[in-house]
Amino acid sequence: MTSATNPSTEELTPFPDHTQLPESDGTFVKNFQEHPQSILLTDSIKPILQKRHPDGQYCIGQDSGIYWRMTDPPEKGAEAPDWFYVPNVPPLLDGQTRRSYVLWREFIAPLVALEFVSGDGSEERDKTPWKGKFWIYEQVIHPAFYGIYEVNKASVEVYELVGGQYQLLIVNERGHYPIHSLGVELGIWQGEYQNMELPWLRWWDLQGNLLLTGEERAEQESQRAEQERQRAEQERQRNERLIAQLRSLGVEPEA
C-alpha cells in the first residue's frame, strides 16, 4: 500500500525568471504606427525620468511581457502593454537586457501602462475576471495609471487606480490628463513624426509645455542659434551704417 505524497515534502520547482520565459507570444505588431509611437513616448520623457532617477533605477517596456501568473504555455500568463514604465528597478538584471518583466521576481508594479488600440477597443476594456485586459491590469498588475489610446479616433482615456479600482480621470483645460506623481500630462498631439501625419500620444509638463524628442530639441537649438546669428549680423550691419554716417559728418569713430 502506498501513501499519498505530502505536498509539504515535495521538491518545489523554482519560479522562472525573465531569461526562462518567452519574450513574445509570436503575434505580429498590429500596425506600422505602434513602434514609432513607443519610441516617441520613450524619447521625449527620458529627460524627466533622468531627473527623477539620477541613479538610473527605472525601466521602460515597449510591447514587452509582464508575467503575472504561471500558465501552460507560459505566455498565457502575461500581458504585454504597448508601453509601460516601472520606477525604482534596475534597467538590467544580472548584467543582461530584460526580456520581460516578472512580477513574482520584482513585485514593483508599473506606474504607467499604455495600450494602443488597433481594433474596436473592447479587448483593452474587457473586465472579464482572469481573462480581460482591464481586469488583469486593475486587479493583478496594478499600474497606478492605465491608458487606452485609439489613434483612429484621435483619443486617449487614462484611468487611475483608486482604492483598488480604476477611475477615469478628467482632462484639464488643455485636454490633457495630468499625472502629478510623474510631473507630466498625457494627451493627443496632431503633427508629423517619422514621416506620418497623425494624432500622436505625447507628454507635456504640468505647465503645458510639450516634451520634445531629442531630434526636436536639436532642431529647436539649431533654430535658436540661427536666430542669434541673424541678430548678430543685423547688429553688425547697423553699426557699419552708423560708422559710415559719422564719417560722412567728419567724425572718426573710436575703435
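The values are calculated or read from the model by the stated rules, or taken from the named source; none is laboratory data. As the structure is a computational prediction, the values presented were derived from the model and not from experiment. So basically every Cβ, Gly included, is an ideal-geometry build from the backbone, and we count neighbours across all protein chains shown.
Details
- The criterion of being touching a Gly at 6+ places or on another chain (Cβ under 9 Å) and either crowded, with 17+ Cβ neighbours inside 10 Å or modelled with pLDDT under 95 (or both) does not hold for P87.
- In region 54-74, the residues that are free of Cβ contacts under 8 Å to residues at least 60 places away in the same chain, outside any loop (DSSP other than H, G, I, E, B) and within 20 Å of R125 (Cα to Cα): Y67
- The residue list E219, E240, E226 contains one member that is surrounded by 12 or more Cβ atoms within 10 Å (Cβ to Cβ) and farther than 30 Å from L169 by Cα, which is E219.
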